[in-house]
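All of the numbers you see were taken from the coordinates with simple rules; none came from a lab. Owing to the predicted nature of the structure, the values given are computational and were not obtained by experimental measurement. Because the Cβ atoms are built from the backbone with ideal geometry, glycine has one as well, and the counts that use them run over all protein chains shown.
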Amino acid sequence: MRVVAGAFKGRRLTAPAGLGTRPTSDRVRESLFQILGPLEGLRVLDLYAGTGALGIEALSRGAGAAEFVEHDPEAIAAIHTNLDAIGTAGRVHRGDVLGYLARGAGPFDLVFLDPPYDAPPGLGIELSRLLPPAPVIVTESDKRQPLLLDLPLADERIYGTTRIAIHHA
């Protein structure tokens, strides 16, 4: 897995061993960021960050700052390793996403939301209530069990079994 484009193009990203983390494929990231367009100076929040690939890709493409929220210690170590590899700082928060959001995160311009595919039913509704005000919220989920948010849907794409949905809050 590598950074697809931008200032850090080609840099390798590390993922924790095992099946607990499901990094977004290079192909899906490339397509998603083409849809999103310019990111210059945006504040980005990467929830259920895993490897941090989405937030790091945003930084590579000009985002001004990124914050990462993850609960798994091995994934957090991978995020730190990946940030060190590109020589950029990002704030990494260890803990539960819902707890982080309940404390009043934000403001952010772009939010990435990639929960585990076995996330509990109703997570999307709960997240919709807690998400910080942001012009764009991107979700990634399994197309057979889509993560549905109670927010206006601007675009939806399917890549194999992966569903990407772009919401405008």
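How big is the convex hull of the Cα atoms of segment 23-109, per residue, in Å³?
Values: hull volume 7.5 nm³, N = 87.
For segment 23-109, the hull spanned by Cα atoms encloses 87 Å³ per residue.
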By DSSP, what percent of the beta bridges with both residues in the chain are antiparallel, rounded to the nearest 5?
45
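Evaluate Rg over Rh across segment 26-167, taking Cα atoms for both radii and Kirkwood's formula for Rh. Mind showing how you got there, number by number?
Working: Rg = 13.9 Å, Rh = 15.1 Å.
Checking Rg against Rh, the ratio lands at 0.92.
Taking the highest mean first, how do the peptides 49-55, 70-76 order by number of other beta carbon atoms within 10 angstrom per residue?
Numbers: 49-55: 27.4, 70-76: 18.0.
In descending order of packing, they fall as 49-55, 70-76.
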Highest to lowest packing among 37-44, 79-86, 135-142, scored as the average C-beta count within 10 Å
135-142, 79-86, 37-44
Suppose only helical runs count, i.e. DSSP H with n ≥ 4. What mean residue ellipticity at 222 nm does that imply for the chain under -39500 (n - 2.57) per run, divided by all residues and rounded to the nearest 500 deg cm²/dmol?
-8000 deg cm²/dmol
